[in-house]
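Here's the structure we're looking at; comments come further down.
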Amino acid sequence: MTDSYPHEPRTECRTPAEGRDGVTRIPTWKYTTIRTIILDLLDEAGADGLAFKDLSAQVKSHLSSNDRAHLGSVGWHVTCVKLNMEVDGDIMRLPGKGPQRIIRT
């Protein structure tokens, strides 16, 4: 579980923002680890979902110390994975006023 391998499998992450066609490729183990934690957190949160502003801290608290040591920027990776999960239809933003909240679809 390290970035030092140039041929390490990577997962493409896209953004749901219209007109932003760029792709970020992150190591698949990072994508899978963060995606699994996000889905578990959303299952626990239920219909009220989670505030996006709290998501990175919550994901970080669920990472093993080994994963934290090899992950790099938790916030950046959480944002990439979260945006791609929106594109894939795994999660969605709750409509309404206030800070952004996400739920599992």
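Note on the stretch 21-78: enclosed helices (runs of 4 or more DSSP H) holding 2 or more residues that are in contact (Cβ under 8 Å) with a residue 12 or more places away in the chain and closer than 18 Å to Ile91 by Cα are 28-45, 52-62.
Counting residues in the stretch 46-54 that are basic (Lys, Arg) and under 27 Å from Arg20 (Cα atoms) gives one or more. Here Thr15 does not fit the description of being outside any helix (DSSP H, G or I) and touching a Phe, Trp or Tyr at 6+ places or on another chain (Cβ under 7 Å). Of the residues making up the stretch 41-51, not a single one is under 12 Å from Val81 (Cβ atoms) and either of a type in the set (S, T, N, Q) or surrounded by fewer than 18 Cβ atoms within 10 Å (Cβ to Cβ) (or both). Within the set Leu63, Leu55, the sole residue that is among the aliphatic types (A, V, I, L, M), at pLDDT 95 or above and under 12 Å from the mean Cα position of the chain (by Cα) turns out to be Leu55. Assess whether Glu18 counts as being charged (D, E, K, R) and in contact (Cβ under 8 Å) with a residue 60 or more places away in the chain. Judged against the criteria, Glu18 is not a match.
The values are calculated or read from the model by the stated rules, or taken from the named source; none is laboratory data. Quick caveat: nothing in here was measured; it's all calculated off a predicted structure. We place every Cβ from the backbone using ideal geometry, glycine too, and count neighbours over all the protein chains shown.
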